[in-house]
Amino acid sequence: MTPVIDLQSITKVYGAGDTEVQALRGIDLSIARGDYVAIMGASGSGKSTLMNIVGALDAATSGHYALDGIDIDDLDESALSIVRNRKIGFIFQSFNLIPRTSALSNVELPLVYRGVRRRERRARAITALESVGLGDRMHHMPNELSGGQQQRVAVARALVAEPSLLLADEPTGNLDSRSTADVLDLMGRLHDQGRTIVMITHEDDVAAQAGRVVTLVDGQISEDRRNRP
Amino acid sequence: MNVLETIRIGLQGIAANKLRSGLTMLGILIGVASVIVLMAIGNGASVAVTASIESLGTNTLTVRHGTFGGENDTTRTQFKDLTVDDAVALVDPVLAPDVVSATPVVTAATTCTFEGASYSTSVTGTWPSYFEASNSPIGTGTPLTADDVLNSRRSIVLGQTVISELFGDTDPLDRTVTCGGVPFIVVGTIEEKGSSGFLDADDVAIAPLSTVQSKLTGYGSLDSILVQASSSEASTAAESEVTSILDQRHGTTSEDNRDFQILNQAALISTVQDTIGIFTVLLGAVAAISLLVGGIGITNIMLVTVTERTREIGIRKAIGARKSAILTQFLIEAMVLSVIGGGLGVLLALLATRITIADVTPVIVPSSVIGAFVVSVSIGLFFGSYPANRAASLRPIEALRHE
């Protein structure tokens, strides 16, 4: 079976000449369907750069990247936006909901950009919000929701388009311990439903939830281990 | 993603910042409204002046005695009077097919009195055809008749201004009014024509030519001959016919020694309309500049909006919004601003032009309404495209990092 993520000798260089910074120095990583992977590393280790490349937000300097069997390397911006829309669900540290837009509209947005009809997308958005336990908060604006609730709306938005990959960038970084537990619990359930999740974090106890932990040091993979269930 | 959806998102963006959107719209609103109103005022002035000239008859030519060159013109060999015979000669179906009638006119500046009331006016001595040629319909009583002229009767027909000055509310018919010491019997009145600011078409007193010449002016040259052309289109042809007949009779050898001049009402109207047209275009141009300033306001506010919402753009792109979707969203926001601003501007202009400004009743030029609205919409497109393009070209990763 094709892996969801297939990275081969990915490098990323920022700047040029004296200011040249090597953020990634040859990453080889394959993530299978249904896996739950935590990517760890200190700040500056290159994990955010890796996340941007995996999320098709940024292009690698060299190497090959295939997402769900699609070669990402030579896609233009327009094709990349389709890939982001259909294959990837983003969950950000700072939630990144669209302000002054209801939870329901936020969740609908990926389907809007995909061109799904209003009635269908509303139904799917409601289902997604109910699955994260926010069926009663659909018409609230982001600023009327707690951090934990906002992050759950973001998870619903990431889920609604049925992507191949859920990509979470420090999803619990801005949350208190109770909301963290809620969100991690939610991620665990999604994993149990067979979703592929890649989560970037620097907290050990968060990484402990994942089935596999990849640790980055100075732009290279220093450790790749499986947690015991 | 369909257009309706994009418009909805655009409207949300506008509603999110009502004061700012309102002020931006105000810029367009003022621009559109001022274009329409100023054009309407110019047009209204043109209509008013044209109407006041038309009230004197558009198909008439006035042949005046004398020249612009003045009495010192040394090239003139003869200086002939304008005579009743000249007037008679102008009605000639062969030489002047476009002339319907020619009416001799003399005027005498006099003071008319009635039972203690007195009023300075000029008495016009003329023939009965004057009433039709000068577009002066009779209100009450009768016009002058050929009989009045033949018998030098002391009959007079008065305009409404003279009547109100001398008679007040009294019925003037059959009363005796004294003008320049000569008693006249009022046989008729002329319908009110209305004044047009610079000349009062109702300030007239009309008596038989023969009477005025014998009692008031003497038998010198006529002041003018009122020529009626068959239509206002024929007035130019009539003008040249009249010129050639009179040139022959007066022995004119060149334009320099011509001893009469012709005032063509139709030509006057077109001159006046041209002049006012230039001012209208000037007014419109000034207003168009304010519309342009309004458009720059849209660019400015959209640039601020794009900067403010960089992060939102990043989120949308991460979720899968294509460049075209972002472009359309911001373009539509700019368009909605300009369309609503332009629409309200048209409404305001329609209201404002109901008010009479400086004696001019504005008359809306339909093309200016359509033009101003279309321009305001294109301004939205044009001035919104730069900020929208900037938003759409943002790289998602940088937009997401933006705080």
It is to be established whether one or more residues within the range B:380-389 are surrounded by fewer than 19 Cβ atoms within 10 Å (Cβ to Cβ), of a type in the set (S, T, N, Q) and farther than 30 Å from A:Phe92 by Cα. yes
Can you confirm whether the range A:28-38 contains a residue that is within 12 Å of chain B (Cβ to nearest Cβ) and surrounded by 21 or more Cβ atoms within 10 Å (Cβ to Cβ)? no
Which numbered condition B:Gly380 fails, given (1) more than 14 Å from chain A (Cβ to nearest Cβ); (2) at pLDDT 85 or above: (2)
Per the list (1) surrounded by 18 or more Cβ atoms within 10 Å (Cβ to Cβ); (2) over 16 Å from the mean Cα position of the chain (by Cα); (3) farther than 24 Å from A:Gly46 by Cβ, residue check on A:Leu216 breaks on (3)
Condition first: away from chain A (no Cβ under 14 Å) and β-branched (Val, Ile, Thr). Can you find one or more residues in the range B:2-22 that meet it? no
Among all residue pairs at least 6 apart or on different chains, which show Cβ distances below 6 Å where the first residue, located in the range B:306-333, is more than 7 Å from chain A (Cβ to nearest Cβ) and more than 19 Å from A:Ala56 (Cβ to Cβ) and the second is in a helix (DSSP H, G or I) and of a type in the set (D, E, K, R)? B:Val306/B:Arg390
Within the range A:60-84, restricting attention to residues that are surrounded by fewer than 19 Cβ atoms within 10 Å (Cβ to Cβ) and of a type in the set (Gly, Ala, Ser), which residue is nearest to A:Tyr14 (Cα to Cα)? A:Ser62
Residue count, the range A:51-100 (criterion: aromatic (Phe, Trp, Tyr) and more than 10 Å from chain B (Cβ to nearest Cβ)): 1
Among the numbered criteria (1) within 13 Å of another protein chain (Cβ to nearest Cβ); (2) not in a helix (DSSP H, G or I), which one does A:Arg157 miss? (2)
Taking the residues in the range A:66-82 that are in contact (Cβ under 8 Å) with a residue 60 or more places away in the chain and not in a loop (DSSP other than H, G, I, E, B) as candidates, determine which candidate is nearest to A:Thr196 (Cα to Cα). A:Leu67
Is one or more of the residues making up the range B:385-393 out of contact with any His (no Cβ under 8 Å at 6 or more places or on another chain), among the hydrophobic types (A, V, I, L, M, F, W, C), within 14 Å of chain A (Cβ to nearest Cβ) and not in a helix (DSSP H, G or I)? no
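The values are calculated or read from the model by the stated rules, or taken from the named source; none is laboratory data. In this text, all values refer to a predicted model and were calculated from it rather than measured experimentally. Methodologically, a virtual Cβ is constructed for each residue, glycine included, from the backbone with ideal geometry; neighbour enumeration extends over all protein chains shown.
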